[in-house]
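Note sheet for the following structure.
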Number of protein chains: 2
Amino acid sequence: MAAVVIIEDEQRIRELAAKALAARGHEVHTSATAMDGLQTVIGLSPDLVILDLGLPDLDGMELLKMIRAVSDVPVIVATARGEEPDIVLSLNAGADDHLVKPFSVEQLEARVRAVLRRASVTPRGSPVTIGALVIDGAAREASLDGEVLELSPKEFDLLRYLAEHTGEVITKRRLLAEVWRQPYGGSEKTVDVHLSWLRRKLGESAAESRYLQTVRGVGIKIVEPA
Amino acid sequence: MAAVVIIEDEQRIRELAAKALAARGHEVHTSATAMDGLQTVIGLSPDLVILDLGLPDLDGMELLKMIRAVSDVPVIVATARGEEPDIVLSLNAGADDHLVKPFSVEQLEARVRAVLRRASVTPRGSPVTIGALVIDGAAREASLDGEVLELSPKEFDLLRYLAEHTGEVITKRRLLAEVWRQPYGGSEKTVDVHLSWLRRKLGESAAESRYLQTVRGVGIKIVEPA
DNA sequence: TGTACTGTTAAGGCTTTGCTAAGGATCGAG
DNA sequence: CTCGATCCTTAGCAAAGCCTTAACAGTACA
């Protein structure tokens, strides 16, 4: 159904949640520490993260910000009862929903379902269609007006990532993080170059764009042509 | 509905406000002094604070700063008519809205509703709507009457910030701090210029305004057109 | 009527972006 | 192991767009 990462130091809760979500058909990964969790999130690009704010090795809020810096993945934060102020802070920091421990399995499932629905998860591998443009992740093939495009690996990944976030502005830094797997280093100029190539192969230029719209000062988005 | 703390020394007003909000289903706590109020806010972590700036034991502005030092809770300040300069100061000190005494119960309820709505969990990326104006943060796109507006980055940020605080008067200094990320430097004239451009693109002028209303001596607010 | 605040316009400088080309890395075939 | 082809990154210049400053006009309020 969806890939979920659980970052939680208490083994009991971690396993309980993992079991519950796995039973619902999700692909579950768990981490007991913040650092391991960040690695997992970056490496896996999951569809959802469940994050305990009370981790031993790093303040949960910091981890949340780090995740937000590189990804838009939905995050549900969990806090112990009595730490309610943290909830407000975390929602401001970009969390999508929250749970107060101890929580029931039903509660957990309900929240997960709601957040995933809100995020409208695109099942992995199913083709995305934007106007006359079709991107088939499974076949690693993109076509325009029925014509198969000759894309390099990076070009395809870039196009697919944009297509999976149709209509949403994506920063170059986020593309470096998500497509290039370089959350910190890397030159944003590289993205520019690949975008230019992509545009050429899509039969458009920056001045005359059908699909790829640059949003000056922010990033790029792919849109359904008018 | 929500926990509200009222800090007000005049018994009549305090009880009137408490009664009105309790009738709307809120959990109301009252304090007659600044010190007691601060205790209550810290101990209770309420969803909203209504603070009279004219307290006998401590300058209300000081209390506001103390609250801000420990909490992000929305604060509505109340001042007696004639103390308008305080409004500007309090907005700069982090107040979310203000009331001028004497105020009607309807006014109070409206402000409370507005502030609570604003503070409630807004799913990220969900567009803000004000009349015929739609601001979509994820797409970084604003439209008026279904027509997409061509906004520069700063113009968009400015419009979005105002829209996220609909009905609330925002000082230029606060805009410089929040939108320009310049809490101290920067010229307020710059804000004027951008506002002018925004008005033009919204099809209005300062004289004939539908959305952007300037509040002389204080700042600017965006409102739902009549 | 004067003063302080606000509205508007124009212009210059600066940042961001678009695109081309070249060098080097990677990968597969033979 | 070597060659060849493809691809990715870096560098650099040109162009476009935006922000700020400045100057002046208009407006509310004492």
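Quick notes on this one:
- When the trypsin sites (Lys or Arg not before Pro) in segment A:164-217 are filtered for DSSP coil states and for at most 13 other beta-carbon atoms within 10 Å of their beta-carbon, the remaining sites are A:Arg181, A:Arg216.
- Backbone HN-Hα couplings from phi across segment A:143-156 [Karplus 6.51/-1.76/1.60, Hz, Gly and Pro as x]: 9, 10, 6, x, 8, 6, 8, 8, 10, 6, x, 5, 4, 5
- With label points defined 7 Å past Cα in the direction of Cβ, position B:Lys65 shows copy-to-copy spacings of 2.4 nm, given to one decimal and shortest first.
- Net charge contributed by nearby residues that have their C-beta within less than 12 Å of B:Asp192 (K/R +1, D/E -1): +2
- The phi-based Karplus calculation (6.51 cos²θ - 1.76 cosθ + 1.60; θ = phi - 60°) puts the 3J(HN,Hα) values of segment A:5-10 at 10, 10, 10, 7, 8, 7 Hz, whole numbers, x for Gly and Pro.
- Label point 7 Å beyond Cα along the C-beta direction, distances from A:Ser126 to other copies (nm, shortest first): 2.3
- Whole-angstrom gap from segment B:8-58 to segment A:171-193, using each part's C-alpha centre: 50 Å
- Bridgeable lysines around B:Lys201 (alpha carbons under 24 Å apart, same-chain partners fewer than 8 residues away excluded): A:Lys221, B:Lys154, B:Lys172, B:Lys189, B:Lys221.
- Local net charge near A:Gly43, Cβ-Cβ under 13 Å (Lys/Arg +1, Asp/Glu -1): -1
- Local charge for B:Leu149 was computed over the other residues whose Cβ lies under 15 Å away, with Lys and Arg +1 and Asp and Glu -1, and equals 0.
- When you restrict to C-alpha pairs under 8 Å that are six or more residues apart and normalise by the size of chain B, the relative contact order lands at 13 percent.
- Computed packing ranks the peptides A:72-79, B:32-39, B:60-67 as A:72-79, B:60-67, B:32-39, most packed first, by mean other Cβ atoms within 10 Å.
- Counts of other chain beta carbons within 10 angstrom of each beta carbon in peptide A:162-168 average 2.
- Reachable lysines from B:Lys19, criterion Cα separation under 22 angstrom, eight or more residues apart if same chain: B:Lys101
- Shown for B:Gly186: label points 7 Å from Cα along the beta-carbon vector, and their distances to the equivalent points in the other copies, 3.0 nm in ascending order.
Computed from the coordinates by the stated procedures, all read-outs in this text should not be read as laboratory data. Source: prediction; values computed, not measured. For neighbour counting, all protein chains shown are included, and Cβ atoms are generated from backbone atoms with ideal geometry for every residue, glycine included.
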